[in-house]
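First comes the structure, then the notes that go with it.
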Amino acid sequence: MSGFSLSAPVLNRIGPKLSPRLRPVVLGAILPVGLLIGWQAIVSAKLAPSYMVPSPADVVLRLQMEFYGGTFWLDVGSSLSRVLRGFAIGSAFGLAAGLALGLSRIAEGLFGPLFMAYRQVALFAWVPLLSMWFGGGETGKLAFVSLSAFAPVVVNTWRASRAIPEKLRELAAVLTFGRLDYLWLIALPGALPGIVTGLRTALIYAWIATVGAELFLDIAPGLGGRLNEGRDKFEVDLMLVALLLLAGLGMVFSRAAAFAESWLLRWRTR
Amino acid sequence: MTRAGGIATSLAVPVLLLVLWSVSSAEGWLPDQLLPAPSEVWQQLVENAASGDLWTNTLISLQRVGEGFALGAIAGLVVGACIGLSRTLREMVEPLFLFLAQVPPLGWIPLAILALGIDEGMKVSVIAWASFVPVVLNVAQGMRDVPTGLRELGRVLTFDPWFLFTRIVLPSAVPQIFTGLREGLANAWQTMVAAELFASSEGLGYLISLGRQLFQLDLVLAMVVVLGVVGLAVNGGMALIERRLLRWQGSSRGQAA
């Protein structure tokens with residue numbers, strides 16, 4: 001993250017001379033504030049019809065309305081619960097499958113190619129299929145979110161548990177570890193960095209899949225459903241509020257995932 | 001394990017599943033709406049291929065991916081290079097960009113439909129945005145992560161900025177740039193399917209949603225297979241290009257990556 005740059009000397013001279021702590025805040029605010037002013041200018045000059053481009057104040061009002069009088073909490077809660085439940089189910093299965101593939105040559109030979117073939121299909125192609133098998137309601141949504149979280153955990157766990165150093169395997173052999181001891185004392189800790197990467201990716205996938213499931217499947221409380229509602233009723237302010245919340249929640253997820261990763265891997269000295 | 005033995009093992013489970021599937025539909029264990037016979041899925045593939053529907057729809061889907069990816073990747077290379085090279089620009093652009101990037105690409109579809117209609121423009125824009133994000137992130141990272149030794153070398157040799165960029169920064173960022181392009185292409189592919197499922201009258205995703213509406217699960221399954229095969233081909237093509245372009249890196253590649 002050093003400041004290596006070609007054009008920076010020039011640009012930095014143009015840029016305000018600020019204290020290092022204030023600098024990123026001020027610079028980071030330029031674009032959002034500029035956009036906001038431009039947006040308000042478009043609205044004030046009536047360059048676009050107000051149903052197409054609501055004013056920033058409208059959006060804030062809508063946010064307030066959803067927050068106090070609307071179904072805001074229910075929507076956020078429903079989306080969150082779908083992400084977390086799907087993530088839990090998908091990654092539990094993914095962990096088991098990934099360890100099996102990584103630790104057993106037979107399982108790898110039998111199921112590895114099949115899994116790789118499954119991976120080639122785009123995620124959303126499964127939505128119609130799952131909705132026919134599990135319905136478009138909660139079960140179908142959950143099935144899709146779980147499936148989305150499954151694959152990245154499998155891939156990373158598989159790769160990581162396969163790559164456990166020969167030395168550690170020999171050590172386990174010398175100490176005559178049983179299967180379970182090997183799994184618990186060698187394989188899991190050894191593969192943990194890879195597993196954690198897989199879990200982090202799975203959380204992002206689960207998040208994408210939740211929004212997808214809410215957009216594609218039956219209408220139910222949730223932020224994706226509100227997006228659809230905004231489109232059907234032509235309420236752009238509602239859509240912008242939903243998108244803002246999606247971005248905010250996404251931020252929270254990636255922060256939480258990064259924190260969980262460093263906490264889980266805190267014992268590593270490197 | 002011998003090569004032939006390996007192939008036999010890897011085919012064992014798929015073949016077993018296929019047999020189980022055939023038996024299940026022959027015996028009527030599951031209703032046809034839930035699981036059509038493999039022969040029906042095959043029939044759908046053959047019919048769609050014979051009528052030409054398969055090819056036209058595949059081409060349309062590929063065209064959308066191609067256009068969206070090209071736009072997103074080119075814009076991503078430019079923006080990524082700018083914020084990778086200039087700290088000021090990075091500090092200006094990154095917060096807003098990272099915030100917007102948190103919304104799953106398909107979350108933009110409903111808004112894009114209102115703003116752009118349901119035509120190609122909407123699909124291509126959403127696909128372009130989906131591929132833009134990882135390209136920007138990886139290109140910027142790659143250009144920031146130029147090894148200090150190389151940078152100092154450039155300084156010692158008093159390279160001018162352009163020379164420094166083309167001879168040192170760009171080559172050392174290439175692996176990461178390709179990571180971004182690969183992720184961008186994968187995102188473009190995923191988003192294409194999502195956009196076609198959501199609002200479309202042509203393309204592979206459309207055929208899938210048509211199959212769902214008509215309760216023709218055989219059509220759905222056939223198109224899932226097609227999506228898998230085409231996806232594999234697209235990924236394979238990308239990997240091939242990457243290998244050719246990175247050939248010069250040879251053994252130092254692992255180090256750089």
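The values are calculated or read from the model by the stated rules, or taken from the named source; none is laboratory data. Please read these numbers as outputs of a predicted model, since none were measured by experiment. Using ideal geometry, Cβ is built from the backbone for each residue, glycine included, and neighbour counts are taken over all protein chains shown.
Odds and ends about this structure:
- Hits in the range B:163-209 - residues which are under 17 Å from B:Gln63 (Cβ atoms) and of a type in the set (Ser, Thr, Tyr): B:Thr191, B:Ser200, B:Ser201, B:Tyr206
- Residues of the range A:161-185 satisfying the condition of being exposed (fewer than 13 other Cβ atoms within 10 Å of the Cβ) and within 20 Å of A:Ala96 (Cα to Cα): A:Ala163, A:Gly178, A:Arg179, A:Leu180, A:Trp184
- Filter result (in contact with a Pro (Cβ under 6 Å, 6 or more places away or on another chain) and within 20 Å of B:Ala199 (Cα to Cα)) within the range A:229-238: A:Arg231, A:Val236
- Boolean, B:Leu221 is farther than 12 Å from A:Phe124 by Cβ, more than 12 Å from chain A (Cβ to nearest Cβ) and in contact with a Pro (Cβ under 9 Å, 6 or more places away or on another chain): no
- Condition met for A:Gly77 (in a helix (DSSP H, G or I) and within 14 Å of another protein chain (Cβ to nearest Cβ)): no
- Residue satisfying all of: in the range B:184-208; surrounded by fewer than 24 Cβ atoms within 10 Å (Cβ to Cβ) and among the hydroxyl-bearing types (Ser, Thr, Tyr); nearest to the other protein chains (Cβ to nearest Cβ) among these: B:Tyr206
- Count of the range B:1-21 residues, restricted to those that are touching a Leu at 6+ places or on another chain (Cβ under 9 Å) and within 11 Å of another protein chain (Cβ to nearest Cβ), is 6.
- Only residues that are modelled with pLDDT of 70 or more and either in contact with a Gly (Cβ under 6 Å, 6 or more places away or on another chain) or not charged (D, E, K, R) (or both) were counted across the range A:8-30, and they come to 10.
For every residue, the table says whether it meets (1) surrounded by fewer than 21 Cβ atoms within 10 Å (Cβ to Cβ); (2) of a type in the set (S, T, N, Q).
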| position | (1), (2) |
| --- | --- |
| B:Leu137 | no, no |
| B:Gln141 | yes, yes |
| B:Pro147 | yes, no |
| B:Val156 | yes, no |
| B:Pro161 | yes, no |
| B:Phe165 | yes, no |
| B:Arg182 | yes, no |
| B:Met238 | yes, no |
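- B:Gly107 vs. criteria under 29 Å from B:Val234 (Cα atoms), part of a helix (DSSP H, G or I) and touching a residue at least 24 places away in the same chain (Cβ under 8 Å): no
- Of all residues in the range B:189-212, those that are over 18 Å from A:Ala209 (Cα atoms) have Cβ atoms under 8 Å from Cβ atoms of residues that are surrounded by 24 or more Cβ atoms within 10 Å (Cβ to Cβ) and among the basic types (Lys, Arg), 6 or more apart or on another chain, in B:Ser200/B:Lys123; B:Gly203/B:Arg64.
- Hey, A:Phe115 without any contact (Cβ under 8 Å) to a residue 60 or more places away in the chain, at the interface with chain B (Cβ under 7 Å from one of its Cβ atoms), outside any loop (DSSP other than H, G, I, E, B) and within 30 Å of A:Arg169 (Cα to Cα) or not: no
- Answer from B:Trp55, B:Trp21, B:Trp29 - the residue that is at pLDDT 90 or above and either at negative phi or aliphatic (A, V, I, L, M) (or both): B:Trp55
- Condition met for A:Ala143 (closer than 28 Å to A:Gly190 by Cα and small (Gly, Ala, Ser)): no
- Enumeration of residues in the range A:81-112 that are over 27 Å from A:Pro193 (Cβ atoms) and touching a residue at least 60 places away in the same chain (Cβ under 8 Å): A:Arg82
- Of all residues in the range B:78-93 being more than 7 Å from chain A (Cβ to nearest Cβ) and touching a residue at least 24 places away in the same chain (Cβ under 8 Å), the one that is nearest to A:Val53 (Cα to Cα): B:Val79
- Filter result for A:Ala163 (more than 30 Å from B:Ile109 (Cα to Cα), at pLDDT below 90 and under 27 Å from the mean Cα position of the chain (by Cα)): yes
- Test for A:Ala191: is it within 16 Å of A:Gly77 (Cα to Cα) and modelled with pLDDT of 85 or more: no
- Qualifying position, being away from every other protein chain (no Cβ under 13 Å) and assigned to a helix (DSSP H, G or I), among B:Ala130, B:Ala115, B:Ala140, B:Ala73: B:Ala73
- Residue in the range A:251-259 that is without any contact (Cβ under 8 Å) to a residue 60 or more places away in the chain, more than 14 Å from every other protein chain (Cβ to nearest Cβ) and on the phi < 0 side of the Ramachandran plot present: yes
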